[in-house]
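**Q** Please read through the structure below; I'll follow up with questions.
The values are calculated or read from the model by the stated rules, or taken from the named source; none is laboratory data. Quick caveat: nothing in here was measured; it's all calculated off a predicted structure. Reconstructed Cβ throughout: ideal geometry from the backbone, glycine too, with neighbour counts over all protein chains shown. All accessible areas refer to the heavy atoms of the entire protein, side chains included, with ligands and DNA or RNA removed. Shrake-Rupley method; radii C 1.70, N 1.55, O 1.52, S 1.80 Å.
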Amino acid sequence: MNYNIIGSEENSFPFEGSSKEVDVFYPFDKDYELSIQKIYDNLNDIIFENKYVAFAGDPGGWKFVISIQKFDYGKVYFCRMDEGLENALTLLVDDFEEFIDKLEIADYDIS
């Protein structure tokens, strides 16, 4: 099995006084098990309803998604995978570029 997941040193997204951790970015190459295309194919009918595309995941398996709907096209959400879609989404930013710009290196205090 070939995953080719992509990590980043800048993996912390500050949000409402805490942060969301980006564990992996999914590659475009459909030959990989955890590609954007395969995740879309596997989760579209079950969860995303032709409305969102997952492009990254957190350590717990929840997803960072981008809207492909006309009314909120390009907005980035955090999606909990343990709830129905209507309750699972939290808006993070208005577009992907803003999402990338806000990523920072995690500053964990382990004292």
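**Q** Confirm whether ILE100 is within 15 Å of SER12 (Cα to Cα), part of a helix (DSSP H, G or I) and without any contact (Cβ under 8 Å) to a residue 60 or more places away in the chain.
**A** yes
**Q** Moving on to the next point. Go over the candidates VAL53, VAL65, VAL93 one by one and state the one that is touching a Cys at 6+ places or on another chain (Cβ under 6 Å) and among the β-branched types (Val, Ile, Thr).
**A** Of VAL53, VAL65, VAL93, the one residue that is touching a Cys at 6+ places or on another chain (Cβ under 6 Å) and among the β-branched types (Val, Ile, Thr) is VAL65.
**Q** Restricting the search to segment 66-91, which residues are within 15 Å of the chain's Cα centre (by Cα) and either assigned to a strand (DSSP E or B) or among the acidic types (Asp, Glu) (or both)?
**A** ILE66, SER67, VAL76, TYR77, PHE78, CYS79, ASP82, LEU89, THR90, LEU91
**Q** Can you tell me which residues in segment 36-46 are at pLDDT 85 or above and over 21 Å from LEU91 (Cβ atoms)?
**A** Hits for segment 36-46 are GLN37, LYS38, ASP41, ASN42.
**Q** Identify, from the list TYR26, TYR73, TYR52, the residue that is touching a Ser or Thr at 6+ places or on another chain (Cβ under 9 Å), at pLDDT 85 or above and surrounded by fewer than 12 Cβ atoms within 10 Å (Cβ to Cβ).
**A** TYR73
**Q** Residues being outside any helix (DSSP H, G or I) and touching a residue at least 12 places away in the same chain (Cβ under 8 Å): count how many of those fall in segment 18-65.
**A** Adding up the residues that qualify gives 31.
**Q** Now for a separate question. Any residue at all in segment 34-48 that's within 19 Å of GLU16 (Cβ to Cβ) and open to solvent by less than 90 Å² (accessible area, probe 1.4 Å)?
**A** The answer is no, given that none of the residues of segment 34-48 is within 19 Å of GLU16 (Cβ to Cβ) and open to solvent by less than 90 Å² (accessible area, probe 1.4 Å).
**Q** Collect the residues in segment 83-103 that are open to solvent by 40 Å² or more (accessible area, probe 1.4 Å) and modelled with pLDDT of 85 or more, keeping them in residue-number order.
**A** Answer for segment 83-103, where residues must be open to solvent by 40 Å² or more (accessible area, probe 1.4 Å) and modelled with pLDDT of 85 or more: ASN87, LEU89, THR90, LEU91, ASP94, ASP95, PHE96, GLU97, GLU98, ILE100, ASP101, LYS102.
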